[in-house]
Structure formats: C-alpha cells, structure tokens
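Some notes on the structure that comes next.
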Amino acid sequence: MQIDIAAAIGATAREVRNLERDGKPAVAIVASRTYPTRIEDLWEAVTTQERLARWFSPVSGDFRPGGRFQIENNAAGKISVCEPPRTLDVTWEFSEQVSWVNVRLYTAGNGHARLELTHLYVVDPDWEEKYGPGAGGVGWDLGLAGLALHVSGEVTAPVEASGEWFASQNYRDLVDATAKAWGEAHAASGAPADEARAAAARTAAFFKGEEQ
C-alpha cells in the first residue's frame, strides 16, 4: 500500500485556534477533508463499530448520547451529542487527561461530503513547548488518510494495522509532511515560526520512533 503524500497533504485543510476552556488557555486543532461519498455513508463510516474497525480502530461501548466508548489501546470517552448524519461530540479521555472532539459533516455537492474534526484541549505548557498541536494533528491526519482509503474501497483495515506499511518510507514521508503542515498551521496561529518548526520536527521524530 502506498499513500500519495502530496494528494494527502493537499486534501486536508488544517487550522490551529487559540481559545479558552473553563478559564484556562486551550488550543483547538481543526482538520477538514472532502470525501467522494454521500454524507449518510460518511456518517456510517465514522459512527458504527463495524466501519470504524475497518479504517480507524476497534471501538466498543454504548453508541448513543450519554453512552461511553473505548478505543482499543487508545482513548475512552463519553458521547455528548449524536445527531445523524451531521453532528457528533465526544469527550476524549487519554492518560488521565480529558479533551473534547467534535465532528461535523456537510454535503459538498456532486455526491461528496466534507468532514470537519475539531479537537480542543487545555494547554499543558511543557507538552505544548515540546510538541505543539501537531502531536494531535499528525494522528488525526493519519486517520483521515485511512478514512479516504476506506471510502474508496482500497483498504479493509486501519493503515496502522499493517506493520509493513508502518515501517515503510511512505509512512515516514507522510509523517514528515503532515508534521510540517501542522507546524505551518501552528505558526499561522501566532506561534514563533522557529519554535513551531522545532516542535513539528520533534513530533515527526516521535511518530517515527526516533525521539531521543
């Protein structure tokens, strides 16, 4: 399997927003991408256990408002809002930290649909200085790339499930490119450009297993 790096980078719009949550400094990373499928199909791909396991990760739980979910070897959370086929809000609970993920779907014409994902988290100064928003952004970029392969029928399992691809140059190049893109979005939000580039480089090293 090979992912077209330039196409993947160009297909996703990225934004970093500096906000507040409960009176504390917060950051929202926003990623959006248009997919060649109807909004109802895209909704099913991002909200049903069977489809999630084919491009994202196995997810268990009670899939209704107020229900809780668990992503295998990853985050857990609570479903706050679920309004098919456009609105999904969940908490994202990982490593004793709580953040918030909102997914919005829109019709995009010509049988296409657009997904916009916002992940809001309260700033941890040490983490932010080291990695910046790309730490979350790269992970979501990989997920959105996997979703693109899924809706096009090219894959039937998450891209990360392939150990061969995970060790490939294609994976490394994708990580480098997405980390750089999030670094640019970080700088565009007001961060000093040199600090944003350095944080992006550390993020890429982390995802490639090269962190010192």
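The figures follow:
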{"quantity": "Which listed residue is in a helix (DSSP H, G or I) and either exposed (fewer than 15 other Cβ atoms within 10 Å of the Cβ) or in contact with a Lys or Arg (Cβ under 8 Å, 6 or more places away or on another chain) (or both), from Glu154, Glu210, Glu116, Glu129", "calculated": "Glu129"}
{"quantity": "From the options Glu154, Glu184, residue that is acidic (Asp, Glu) and modelled with pLDDT under 95", "calculated": "Glu154"}
{"quantity": "Condition met for Ala135 (surrounded by 13 or more Cβ atoms within 10 Å (Cβ to Cβ), touching a residue at least 12 places away in the same chain (Cβ under 8 Å), hydrophobic (A, V, I, L, M, F, W, C) and more than 26 Å from Val175 (Cβ to Cβ))", "calculated": "no"}
{"quantity": "Residue satisfying all of: in the range 40-88; of a type in the set (S, T, N, Q) and closer than 20 Å to Arg104 by Cβ; surrounded by the most Cβ atoms within 10 Å (Cβ to Cβ) among these", "calculated": "Thr47"}
{"quantity": "Filter pass, Ala45 being modelled with pLDDT under 95, farther than 20 Å from Tyr121 by Cα and not charged (D, E, K, R)", "calculated": "no"}
{"quantity": "Meets criteria (of a type in the set (Asp, Glu) and more than 30 Å from Glu20 (Cα to Cα)) for Glu164", "calculated": "yes"}
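The values are calculated or read from the model by the stated rules, or taken from the named source; none is laboratory data. Just so we're clear, the structure is a prediction, and the values are computed from it rather than from any experiment. Neighbour counts are summed over all protein chains in view; Cβ atoms, including those assigned to glycine, are modelled from backbone coordinates with ideal geometry.
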